1. For segment 1-22, name all the residues that are buried (at least 17 other Cβ atoms within 10 Å of the Cβ), over 30 Å from residue 187 (Cβ atoms) and more than 18 Å from the chain's Cα centre (by Cα).
2. Do we have residue 72 as surrounded by fewer than 13 Cβ atoms within 10 Å (Cβ to Cβ) and either of a type outside the set (Phe, Trp, Tyr) or at pLDDT below 95 (or both) here?
3. Restrict the check to segment 29-51 and report whether at least one residue is touching an Asp or Glu at 6+ places or on another chain (Cβ under 8 Å) and free of Cβ contacts under 8 Å to residues at least 40 places away in the same chain.
4. Which residue is modelled with the lowest pLDDT, if the candidates are limited to segment 78-103 and must be within 12 Å of residue 22 (Cβ to Cβ) and of a type in the set (Gly, Ala, Ser)?
5. Just to be sure before I move on: is residue 310 surrounded by fewer than 19 Cβ atoms within 10 Å (Cβ to Cβ) and of a type in the set (Val, Ile, Thr) in the structure I sent?
6. In this structure, is residue 119 more than 23 Å from residue 384 (Cα to Cα) and basic (Lys, Arg)?
7. So, in segment 334-348, of the ones that are in contact with a Lys or Arg (Cβ under 9 Å, 6 or more places away or on another chain) and surrounded by fewer than 24 Cβ atoms within 10 Å (Cβ to Cβ), which residue ends up nearest to residue 11 (Cα to Cα)?
8. So which helices (runs of 4 or more DSSP H) stay within segment 1-99 end to end and still have 3 or more residues that are away from the ligand (no atom under 13 Å from the Cβ), out of contact with any strand residue (DSSP E or B) (no Cβ under 7 Å at 6 or more places or on another chain) and of a type outside the set (Val, Ile, Thr)?
Amino acid sequence: MSLPIRHLPVVQNWDCRACGGCCHEYQVGVTDQERERILSQGWERDPVLAGKPLFVRGGHGWRKRYHLNQRPDGACIFLSSEGRCRIHERFGPEGKPLACRLYPFVLIPAGDHWQVGLRFACPSAIASKGRALREHQPELKRYAELLEQQSPAPLRQLPPPTLQSGQSVPWSELHRFVQAILAILSQRDHRTEWRVRAAAALVRLCRQARFDGVQGSRLDDFLDVVTSGLVSETPIQPEALLPPTRMGRLLFRQALALYVRKDRGPDHSVVTGRLGLLSAALRFAVGRGRVPRLHAWLPATEFARLEQPVGPLPREADEVLERYYVLKVGSLQFCGPGQFDLPFWEGLESLFLTLPVILWLRRALQELPPVEAISRAVSMTDLNFAYNPALGSMRQRVALRVLANRGDLERLIAWYSR
Ligand code: SF4
């Protein structure tokens, strides 16, 4: 019997509006069985697809795997000129790779159940349009069964992500940490930027603690005491924090360039070619002059302008951020196999670094109405979060460690939320 599916207590809706965005944005990986199934569907007799390779092998070494081929414009080879999936049209949803059917849902095994997450790169997810996530239970159950069939080992036996190198706890205790972070992120008396700063402070403290023998209700008590201390100590006004250090800004802009860059699909980078991209990377590192338009949504603007305060977010725009962070944390979409195998604390820090990225983008998009600006900023960021391999590289992980250790993570959040 498949694991039960748990939803989070957050108001989040979704339904596919057939925008076709996902068929342009992602490289869709396929299992060997899915590849064989699609090869047996007779596409060699299709007037459009005959003679074209349907799959491409990518990745490195033992990680090499097949994914669906793409058209020269970056769209999936099966996407028709009318924007419809040819496999779906002929064979129904069961004919497609599971990744296509699942998107934008993310199902994460969490011990004795599945957690449901969402990719906010999907415009319908970010706008919370459609039915409540709970109403998708029948199809989610089906996807969970298929994922369990694909898994080489029983999912109940999957160990939880480590807390950090050399430190692990059972699933039951990991969920206690998640609940503590969620309790901070749900403090609606404060803006989301404050909540994320307070949560980042909790991560910083927990990283220094050993939890041997501190389990169950003792761990709850420990987290209660630490959290109430942090809640009263975290400055309400972002202006009360020191500005980020020079090193912090440099490392932040390098991460920013990775989050902003869009190489394929509609609205892709205006900058092209190896030299153009190299010069764009250098300009992000220096942080002066015009901002390279690594995404077509980025308007023409200057780095210096984006260091100027634009004021706090209105409540409706802040609610988009709240939904984003509650869902990402509650569904464990920030650590483990779905996020480059990052340990728990490091995964949370990588998630919290997305907030200054989103707020920087919001400044760049300030000519738009606030909800649209923040929605676009979240969408641009989430397209890369837990997807762009450069963000999971050792270089980026070291940079994140430096930012968190120096206190720059919280300072960056405060700096760009002004
Ligand atoms: S197989 Fe179909 S649903 Fe999947 S990416 Fe291609 S066109 Fe889109």
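1. 3, 20
2. Answer is yes for this residue.
3. Yes, segment 29-51 has at least one match.
4. 83
5. Taking the combined requirement at face value, the residue satisfies it.
6. Details: more than 23 Å from residue 384 (Cα to Cα): no; basic (Lys, Arg): yes.
When the stated conditions are applied, residue 119 does not pass them.
7. We begin by selecting, within segment 334-348, every residue in contact with a Lys or Arg (Cβ under 9 Å, 6 or more places away or on another chain); these are 334, 340, 342, 345-346.
Within this subset, residues satisfying the condition of being surrounded by fewer than 24 Cβ atoms within 10 Å (Cβ to Cβ) are 340, 345.
Values: 340: 28, 345: 26 Å.
Looking at residues that are in contact with a Lys or Arg (Cβ under 9 Å, 6 or more places away or on another chain) and surrounded by fewer than 24 Cβ atoms within 10 Å (Cβ to Cβ), I get 345.
8. Numbers: elements: 21-25, 32-39, 86-91.
In segment 1-99, the matching helices (runs of 4 or more DSSP H) lie at 32-39.
The values are calculated or read from the model by the stated rules, or taken from the named source; none is laboratory data. Just so we're clear, the structure is a prediction, and the values are computed from it rather than from any experiment. For neighbour counting, all protein chains shown are included, and Cβ atoms are generated from backbone atoms with ideal geometry for every residue, glycine included.
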